[in-house]
1. Roughly what % of DSSP beta bridges within segment 65-212 run antiparallel, to the nearest 5?
2. Let me check against my output: what whole-number percent is the relative contact order of the chain, with C-alpha pairs under 8 Å and at least 6 apart?
3. Once you've got the GNM for the chain with C-alpha springs shorter than 10 Å, pick whichever of Phe127, Phe74, Phe176 has the biggest mean-square fluctuation.
4. Would you be so kind as to identify which of Thr95, Asn20, Leu155 lies farthest towards the positive end of the dipole of the chain, taking Lys and Arg as +1 and Asp and Glu as -1 on Cβ and the Cα centre as origin?
5. Out of Ile77, Phe64, Thr126, whose Cα points farthest toward the positive end of the dipole of segment 17-132 (charges: +1 Lys, Arg; -1 Asp, Glu; placed on Cβ)?
6. Nearest 0.05, what FRET efficiency do Arg32 and Leu111 give at R0 = 35 Å with Cβ-Cβ as r?
7. Ranked highest first by the average count of other Cβ atoms within 10 Å around their residues, in what order do 180-188, 60-68 fall?
8. For the chain, take the alpha-carbon Rg, divide it by the Kirkwood Rh, and send me Rg/Rh.
Amino acid sequence: MNEATRFADDSVLIVVDVQNDFCPGGALAVPRGDEIIPIVNTLAARFGNVVLTQDWHPRGHSSFASSHRGRKPFETIEAYYGTQVLWPDHCVQGTPGAALHRALEVPHAGLIIRKGTHPAIDSYSTFYENDRKTPTGLVGYLRERGLGRIFLAGLAFDFCVRYSAEDARREGFDAFVIEDACRGIDMDGSVAATRTSLSTLGVPCIRAQEFA
Ligand code: VGL
Ligand code: ZN
């Protein structure tokens, strides 16, 4: 990236799921998840185009362990669309846990995209739900606005950031993950698997400092 292309108008920062439930004290806390907030605030100020995402589940969502008799959080089940991790109840629509963290300051964000709203499908990616087919509409938004270079930050590095970055590449966007502006859950080596997958797909992991 050189100076001419770095902040070009076709760049967009997507800030993934910086919500209370993913921060310390929340229902599905990502370790040290709140540490990224000042980094994201500074970063976002460098972008003219910013999209925020919110994990936004109806009560009784199929990704919740509590929706499956005898199942516990972090076990997996076979859903009709494939293997699904079961999570503690989190980011229930309209609850304080689902709210964006109050320290997040991105007033110029142009779009908030909510995902995981369908009762029977989880959605890690902010482009397609976990059936890999149901779109959120974000591809259309980005294409219509000519935003072809996607920078990703947020929570969790190894789930929603990972799947979003992978889908961005598959859709033909340039994608970059700003790794120090992310934190991971790290289940069964998922952080290492994410690094491998992103590098295979041609998604560079970069540092927030590159935007100073
Ligand atoms: C996420 C697990 C379940 C995430 C969302 O934002 O990474 N992870 N729902
Ligand atoms: Zn979720």
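The values are calculated or read from the model by the stated rules, or taken from the named source; none is laboratory data. Values in this document were obtained by computation on a predicted structure and should not be read as measured data. Neighbour counts are summed over all protein chains in view; Cβ atoms, including those assigned to glycine, are modelled from backbone coordinates with ideal geometry. Protein only, heavy atoms only, side chains kept; ligands, DNA and RNA dropped before computing areas. Shrake-Rupley method; radii C 1.70, N 1.55, O 1.52, S 1.80 Å.
1. Here the share of antiparallel DSSP bridges comes out near 40 percent.
2. 23 percent
3. Phe74
4. Towards the positive end, the residue furthest out is Thr95.
5. Final value for the positive-end residue is Phe64.
6. 0.80
7. Sorting 180-188, 60-68 by mean packing, highest first, produces 180-188, 60-68.
8. 0.94
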